[in-house]
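Engineer: The following block contains the structure, expressed as structure tokens.
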Amino acid sequence: MINNASIETNNLSKEESYKALIEKVKKSYPPKLVWCDECKDEINLWSYWQGSLNPDILLVGQDWGNPFTDKGKDVIRMVKCGEMNESNAPSDTDRNLSRLFKESLDIDIWKKSDRLFFTNLALGYRTGNESGGSYNKYLNKDKDHFKELVSILRPKVVICLGKDTYVYALKAYDKKITFPKGFNYALDNKDNTEDIDGIRFFGMAHCGSLGILNRCRYGNKKTNVSAAAGLDLQIKDWKEVNSYLKSL
């Protein structure tokens, strides 16, 4: 069976295919979540931060918070103008990402890199609470758009932030995975990768404040649970990405 997304990608240039996908996603919203009109040239607000169309690494988060608040508008301005840096980054997630990329891959994400593309899996935007709640149905909604994006970009690796992001990214390829001993166990045993069509997908713990702490936890184990310990574990996880890229 021939995939229509593949036909579109093959008949158009990479830039044209990307712009066509943006329009397709825009027309798919609402309901519930909405499209952000600030996204005129990119698939996601995060893509203004890093948006090379020939990346080695595609980083996929879960979803963006509410961009329509004063705080959200200020973040958009900084991201689009390239003014965000370690001192004014609005969240621990951004600062921890910086550490992960720098210490594991020697990439400074505060500068534009032709090696990187950032996006979220859920491509709509919240209008209420900026965080929390289950958004799995929106991850499921946009998984086919994500698959088309991957087919356009053809990265060497895809890094998925958080277990749910990883699970739904793989669902786009009809792969169902579970973690009977827990996601941390899978990370420790390097059972957090899938190779699909020449691209390696890595499932990583989320690097927000809670995700960093949760990386230390195993069932009822509470010892050595700290942000520093969790980030050290995540840096170790991410070094597997670097090892894989060097092996290619």
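Engineer: Under 19 Å Cα-Cα from Lys246, which lysines qualify once same-chain neighbours fewer than 8 residues away are excluded?
Structural biologist: Counting by Cα, and skipping residues close in sequence, Lys246 has these lysines nearby: Lys102, Lys156, Lys190, Lys236.
Engineer: Please work out the Cα center distance from the range 159-209 to the range 39-109, rounded to the nearest Å.
Structural biologist: 21
Engineer: I want to make sure I understand the PRE zone here: with the label point 7 angstrom from the Cα of Lys14 toward its beta carbon, which residues in the range 54-86 have backbone N atoms less than 14 Å away?
Structural biologist: 54-58
Engineer: DSSP loop (so not H, G, I, E, B), at most 14 other Cβ within 10 Å: list which GluC sites (Glu not before Pro) in the range 24-94 pass both filters.
Structural biologist: Glu83, Glu86
Engineer: Sticking with this one: Net charge within 13 Å of Lys80 by Cβ-Cβ distance, Lys/Arg positive one each and Asp/Glu negative one each, not counting Lys80 itself?
Structural biologist: On the way: positive: Lys40, Lys73, Arg77, Lys112; negative: Asp37, Glu38, Asp41, Glu42, Asp74, Glu83.
Its environment carries a net charge of -2.
Engineer: Sticking with this one: What are the trypsin sites (Lys or Arg not before Pro) within the range 184-248 that DSSP puts in a loop, where the Cβ has at most 11 other Cβ atoms within 10 Å?
Structural biologist: Lys190, Lys221, Lys222
Engineer: Going by average Cβ neighbours within 10 Å, how do the peptides 20-32, 99-111 rank, with the highest at the top?
Structural biologist: Numbers: 20-32: 14.2, 99-111: 17.1.
Ranked from most to least packed, the peptides come out as 99-111, 20-32.
Engineer: Something else now. Would you mind computing, in nm to one decimal, how far apart the modelled labels at Lys40 and Asn54 are, each placed 7 Å from Cα along Cα→Cβ?
Structural biologist: 2.7
Engineer: If you take every DSSP beta bridge fully contained in the chain, what fraction is antiparallel? Give it as a percent rounded to 5.
Structural biologist: 30
Engineer: For a test of the definition: using alpha carbon positions, the gyration tensor, and the 1.5 limit on a/c, classify the range 71-173 as rounded, prolate or oblate.
Structural biologist: oblate
Engineer: What value, in deg cm²/dmol to 500, does the helix sum -39500 (n - 2.57) over DSSP H runs of n ≥ 4 give at 222 nm once divided by the residues of the chain?
Structural biologist: Theoretical 222 nm ellipticity from helices: -13000 deg cm²/dmol.
Engineer: Let me ask something else about it. Under 1.5 on a/c is rounded, so check that first for the chain, then, if it is not, pick prolate when a/b is larger than b/c and oblate when it is not; a ≥ b ≥ c are the square roots of the alpha carbon gyration tensor eigenvalues.
Structural biologist: Cα axes put the chain in the rounded bin.
Engineer: Between the DSSP loop rule and a limit of at most 12 other Cβ atoms within 10 Å, which chymotrypsin sites (Phe, Trp or Tyr not before Pro) in the range 29-60 are left? Write down the numbers at each step before the final one.
Structural biologist: Details: sites: Trp35, Trp46, Tyr48, Trp49; in loops: Trp35, Trp49.
Those that pass, being in a loop and sparsely packed, number zero.
Engineer: Under 17 Å between alpha carbons, and skipping anything fewer than 8 positions from Lys239 in its own chain: which aspartates and glutamates qualify?
Structural biologist: Asp56, Glu103, Asp106, Asp108, Asp188, Asp191, Glu194
Rule-based calculations on the coordinates, nothing more; no lab input. None of the values given here were measured: they were computed from a predicted structure. All Cβ positions, glycine included, derive from the backbone under ideal geometry; neighbour counts span all protein chains shown.
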